[in-house]
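Every number in this text was worked out from the coordinates using simple rules, so none of it is lab data. Computed from a predicted structure; not experimentally measured. Here the Cβ positions follow ideal geometry from the backbone for every residue, glycine too, while neighbour counts run over all protein chains shown.
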Amino acid sequence: MRREEMWAVLDAERASLADLLAELSADEWAHPSLCVGWTVRDVAAHLTLAPRITVGSALVEITRARGSFNRMVHHTAKRQARRPASELVGLMRAAAGSRHLAPGQKLEDALMDVLVHGQDITVPLGRARAMPPDAAVTSADHLWRMGFPFHTRRRLAGYRLVATDVGWSAGEGAEVGGPIDALLPLLAGRTATLPRLSGAGVTALTRT
């Protein structure tokens, strides 16, 4: 995808997530997400941070987290989640149209983040969320190439991932096939979409 196309999808995803969040009940905001230890509210809060964080504030946060990127992400999301739900919805809506990336973040990271976290929010709530096919393929390629923090190729070594609805595949070994919106969370370390996948590799992945 061209950069302008990625930005357009990112804008649309943020706007539609704002609409979805505005509809949620208090119980749904507090529901566990697919991110271990995070509620739907925490995930939503995390997504509002990247369009606003500066180099200076990022340095402060990484110092507070004693140099741990994962700890920084966790702590900043939890603090942001203390804001009222209506404020988080507003911040999400305001992010649509922003061309600011977090320090060190690539546009591909931001696109992948909003697609995966959209599923982190909606899957446990039983809400369907369509995923733009081209953006999903771009994000799947990005996840397959990147190392930290997902280490996808190492984690899924010995499996061949095959999308059944778009032209995407990766890896070698026991096949794991299904729609790209079910494969993308798996590439990002989630297992909740395994029931939507099929093939010889699914049983082995279910046991891990």
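So here's what we get for this one:
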quantity: DSSP bridge pairs, the chain: antiparallel proportion in percent, nearest 5; calculated: 45
quantity: Average Cα contact separation per residue, the chain, under 8 Å, 6 or more apart, as relative contact order %; calculated: 20
quantity: Compactness of the stretch 100-144 - radius of gyration and Dmax, Cα, Å; calculated: 11.4, 34
quantity: Amide H partners (placed H, <5 Å) of GLY173, local residues excluded; calculated: ARG160
quantity: Computed lengthening from ARG66 to GLU23, 0.36 nm per intervening residue step minus Cα-Cα distance; calculated: 11.8 nm
quantity: Loop-resident sites, the stretch 50-84, for trypsin sites (Lys or Arg not before Pro), counting at most 10 other Cβ within 10 Å (DSSP); calculated: ARG66, ARG82
quantity: Residues PHE148, PHE69 arranged by fewest to most Cβ contacts within 10 Å; calculated: PHE148, PHE69
quantity: GluC sites (Glu not before Pro) lying in DSSP loop within the stretch 100-200, provided at most 12 other Cβ fall within 10 Å; calculated: GLU172
quantity: The stretch 122-190 - Kirkwood radius from inverse mean 1/r over Cα pairs (Å); calculated: 12.3
quantity: Gain in span if fully extended, THR208 to SER86, counting 0.36 nm per residue against the direct Cα distance; calculated: 40.1 nm
